[in-house]
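> Before anything else, here's the structure in question.
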Amino acid sequence: MSLLATLPTDPLHLFALVDMGSNGIRFSITTLQPPTARIMPTLYQHRAAISLYDAQYTEEGSKVPIPESTITAVVLAFKSFKRTCADFKLPPGNITVLATEATRSAFNSEAFMWRIKDELGWEVKLLPKEEEGRIGAMGVASSLPEVKGLVMDLGGGSTQLSWIVKGGGKNGDGRMIMSKAGAVSLPYGAAAILRRIKEAEKTGDKQSLKEFESEVKKQIKDAYAQLGVPEELEAAAKKKGGFTLFLSGGGFRGWGYILMNRHRVKPYPIPVINGFRVKRKEFMHTEEVKKAAAAALEEDGDEDDIFRVSDRRASQVPAVSFLISALADALPHLKQVRFCQGGVREGYLFSSMDAATRSQHPLVVATKQFAVGQNSDILVKLLQNAIPPGATDHSEDEYKSVFNIDVLTAFANLMYLHAIHPKDLQASAALRSTTSGALASVHGLLHESRIALALLLCARWGGAVPPSDEQFKRDLEELLDSDWVLWWIKYIGAVASLIATVYAAGISDDERDLRTSVKAEWDDNVGNKDRTGLRLVVQMKGDIGIEAFQKDFKRIEKVGKRKRWVGGRDGAGYKVEVRPQTGNHKA
């Protein structure tokens with residue numbers, strides 16, 4: 001079952017948006033109908049490869065008005081989209097056209113927008129620089145459960161710098177704080193920088209290029225000073241070893257796709273850019289990224305082609321590299337970079353939501369509709385009780401940070417999703433669910449969440465996949481922060497399998513007397529001399545015989561066999577003892 005098949009699509013909740021950017025025009029139709037509004041499911045999207053920025057420059061580099069041929073192409077693309085809106089039965093009031101830097105700075109901006117109004121009947125909303133930056137930052141906020149750090153949105157004609165603090169749902173207070181200035185807009189988009197670089201190269205004037213570099217660095221430093229970054233954000237960055245920089249915009253996403261292509265795990269198993277994270281050192285591999293982009297532009301074959309990096313985007317890599325080098329010198333220390341899909345479209349729609357909707361966790365929103373039974377909260381509690389309280393004797397085993405309430409809730413919601421498949425496919429379909437299955441299209445997920453959830457669901461169905469999926473599974477496992485996390489995933493998956501055996505149809509609201517409860521605890525007597533062990537007490541109601549669940553008990557204990565520890569007998573893992581009991585208990 002796909003997410004799209006379950007979506008509510010009342011036309012009153014459908015919103016069409018046209019984003020007239022510098023490098024292209026994006027058309028989309030999104031449903032904001034509850035309960036899935038937070039993840040902004042997209043029902044239609046199309047990009048017209050019309051560069052309003054390039055159209056305003058001659059081959060000699062002189063700026064001119066938007067040509068008539070370009071305006072005609074834009075109008076034709078708009079008319080096609082208007083027919084699509086009619087097909088979806090959108091109310092006319094739910095159609096919005098937004099224009100940014102290329103339209104804002106055009107010599108014939110007013111005439112261009114009037115032409116659209118005259119032929120389509122659509123008013124063009126021209127975003128001021130600061131508002132464009134604010135909406136871009138909101139797009140980033142929509143892209144992840146929590147955002148705390150600096151934000152940059154790179155367009156073709158300009159780039160916006162801002163900061164944002166956004167908490168989330170149960171893990172935060174749902175607040176969202178941004179710079180009072182909105183964002184500082186700088187005239188350094190990918191196309192704009194590339195034009196300046198080419199001008200300098202054409203004349204051989206290296207000095208002008210150095211001066212341009214100094215100019216960009218100074219402007220970025222001044223922009224940071226104008227933003228008024230709060231002390232709490234700077235203090236948090238200092239404590240954690242640097243800021244997180246959240247990036248959006250086509251130029252940055254192209255850079256991210258090249259980094260994915262060059263990742264230590266090859267092929268990188270998650271195709272979507274949103275939520276992809278790299279450390280500062282990887283992000284700064286400018287020369288390597290430029291070489292990869294140059295190779296992709298060669299015409300002697302497709303072996304060097306890079307997924308989702310067009311020739312145009314590859315040609316702009318030197319400009320993005322130029323900007324990244326300036327960022328490294330101009331901004332305070334960066335610890336890591338997070339790539340985001342959210343831009344003007346997502347930011348505009350996200351801005352229209354109330355605070356309660358914006359604070360919802362995308363993972364929980366996306367999976368709630370798949371829950372079996374009406375009480376997945378009890379399933380979550382059972383899973384939490386299977387994780388022993390207190391710290392382990394291994395400082396690198398930070399399992400509690402991975403199995404947070406949101407991941408466990410999503411896991412509980414999806415525990416029965418793949419029951420419809422034959423046994424041959426259950427683990428495999430579960431493994432693919434977050435990358436090409438039910439959750440593939442969900443907006444707002446971290447790569448870490450996609451990985452953990454996919455492996456949890458696979459483990460819940462036994463973990464055995466066909467040869468065609470073995471490498472994919474290993475690649476996902478390689479992306480986990482540690483072997484300890486992988487061991488806990490296998491353990492929690494085995495416990496979930498037991499719970500699903502006890503509750504074959506989930507847990508209903510009227511089931512006050514639980515059939516089972518679990519409690520995990522550390523016990524040195526279960527382990528050995530160099531490592532403590534884990535005891536899982538499983539209590540069944542008096543009329544439920546424990547004999548029926550011996551296979552599930554053995555499977556849980558099997559995860560704790562030393563030869564099955566991740567990394568071998570001296571690797572990550574704990575001996576597990578299951579102690580079944582009988583007796584009544586209340587929820």
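We did not get these values from a lab; they are worked out from the coordinates using the rules stated. Computed from a predicted structure; not experimentally measured. A quick note on method: Cβ atoms are made from the backbone with ideal geometry, for glycine too, and the neighbour counts reach across all protein chains shown.
> Could you check segment 397-413 and list, in sequence order, the residues that are under 25 Å from G573 (Cβ atoms), of a type outside the set (S, T, Y) and in a helix (DSSP H, G or I)? If you could, list the steps in order and put the result at the bottom.
Quick first cut of segment 397-413, residues under 25 Å from G573 (Cβ atoms) only: 397-405, 407-408, 410-412.
Those left that are additionally of a type outside the set (S, T, Y): 397-398, 400, 402-405, 407-408, 410-412.
The answer is K400, V402, I405, V407, L408, A410, F411, A412.
> In this structure, does G155 turn out to be of a type outside the set (A, V, I, L, M) and in contact (Cβ under 8 Å) with a residue 60 or more places away in the chain?
Values: of a type outside the set (A, V, I, L, M): yes; in contact (Cβ under 8 Å) with a residue 60 or more places away in the chain: yes.
In short, yes.
> Read through the list (1) touching a Lys or Arg at 6+ places or on another chain (Cβ under 7 Å); (2) closer than 21 Å to A319 by Cα; (3) of a type in the set (G, A, S), then give the number of the only condition that G242 fails.
It is condition (2) that G242 fails.
> Could you list, in sequence order, the residues of segment 203-217 that are part of a helix (DSSP H, G or I) and either on the phi > 0 side of the Ramachandran plot or without any contact (Cβ under 8 Å) to a residue 12 or more places away in the chain (or both)?
First pass over segment 203-217, keeping only residues part of a helix (DSSP H, G or I): 203, 206-217.
Matches in segment 203-217: T203, K206, Q207, S208, K210, E211, S214, E215.
> So which of V538, V559, V526 ends up being closer than 25 Å to A430 by Cα and hydrophobic (A, V, I, L, M, F, W, C)?
Details: V538 fails: closer than 25 Å to A430 by Cα; V526 fails: closer than 25 Å to A430 by Cα.
After applying the criteria, what remains is V559.
> Now for a different question. Scan segment 456-495 for residues that are part of a helix (DSSP H, G or I) and within 15 Å of M415 (Cβ to Cβ) and report the count. So that I can check it myself, show each step before the final result.
So the first thing to find is which residues in segment 456-495 are part of a helix (DSSP H, G or I), and the list is 456-460, 467-478, 483-495.
Still in the list and also within 15 Å of M415 (Cβ to Cβ): 456-460, 489, 492-495.
Looking only at that region, the number is 10.
> Before we move on, is Q316 surrounded by 22 or more Cβ atoms within 10 Å (Cβ to Cβ) and in contact with a helix residue (DSSP H, G or I) (Cβ under 6 Å, 6 or more places away or on another chain)? Before the answer, list the steps.
Numbers: surrounded by 22 or more Cβ atoms within 10 Å (Cβ to Cβ): yes; in contact with a helix residue (DSSP H, G or I) (Cβ under 6 Å, 6 or more places away or on another chain): yes.
Judged against the criteria, Q316 is a match.
> Here is a follow-up. Which residue out of R83, R134 is assigned to a helix (DSSP H, G or I), charged (D, E, K, R), surrounded by 18 or more Cβ atoms within 10 Å (Cβ to Cβ) and out of contact with any helix residue (DSSP H, G or I) (no Cβ under 7 Å at 6 or more places or on another chain)? Spell out how you get there, then give the answer.
Numbers: R83 fails: surrounded by 18 or more Cβ atoms within 10 Å (Cβ to Cβ).
R134 is the lone residue from the list that is assigned to a helix (DSSP H, G or I), charged (D, E, K, R), surrounded by 18 or more Cβ atoms within 10 Å (Cβ to Cβ) and out of contact with any helix residue (DSSP H, G or I) (no Cβ under 7 Å at 6 or more places or on another chain).
> Quickly run through segment 313-334 and pick out the residues that are closer than 13 Å to R253 by Cα and either assigned to a loop (DSSP other than H, G, I, E, B) or not hydrophobic (A, V, I, L, M, F, W, C) (or both).
Those that are closer than 13 Å to R253 by Cα and either assigned to a loop (DSSP other than H, G, I, E, B) or not hydrophobic (A, V, I, L, M, F, W, C) (or both): R313, Q316, S321.
> While we're looking at this one, here's another question. Could you please give the count of residues in segment 223-282 that are part of a helix (DSSP H, G or I), charged (D, E, K, R) and under 20 Å from V442 (Cβ atoms)?
Initially, segment 223-282 is screened for residues part of a helix (DSSP H, G or I), giving 223-227, 231-240, 250-261, 280-282.
Narrowing further to those that are charged (D, E, K, R): 231-232, 234, 238-240, 253, 280-282.
Remaining after also requiring under 20 Å from V442 (Cβ atoms): 253.
Residues in segment 223-282 being part of a helix (DSSP H, G or I), charged (D, E, K, R) and under 20 Å from V442 (Cβ atoms): 1 in total.
> Please work out which residue is surrounded by the most Cβ atoms within 10 Å (Cβ to Cβ), limiting yourself to segment 205-263 and to residues that are over 30 Å from D475 (Cβ atoms) and of a type in the set (F, W, Y).
F212
> Let me ask another. Evaluate the following for I177: is it closer than 20 Å to F350 by Cβ and within 18 Å of the chain's Cα centre (by Cα)? Steps first, answer last, please.
Working: closer than 20 Å to F350 by Cβ: yes; within 18 Å of the chain's Cα centre (by Cα): no.
Criteria not met by I177.
> Among what's in segment 554-569 and is surrounded by fewer than 14 Cβ atoms within 10 Å (Cβ to Cβ) and either among the hydrophobic types (A, V, I, L, M, F, W, C) or out of contact with any Asp or Glu (no Cβ under 9 Å at 6 or more places or on another chain) (or both), pick the residue that is farthest from L480 (Cα to Cα). Step through it out loud before you land on a result.
Here is the first cut: in segment 554-569, the ones surrounded by fewer than 14 Cβ atoms within 10 Å (Cβ to Cβ) are 554, 558, 561, 563, 567-569.
Pick out the ones that are also either among the hydrophobic types (A, V, I, L, M, F, W, C) or out of contact with any Asp or Glu (no Cβ under 9 Å at 6 or more places or on another chain) (or both) and you get 554, 558, 561, 563, 568-569.
Details: K554: 26, K558: 22, K561: 21, K563: 21, G568: 17, R569: 20 Å.
Among them, the one singled out is K554.
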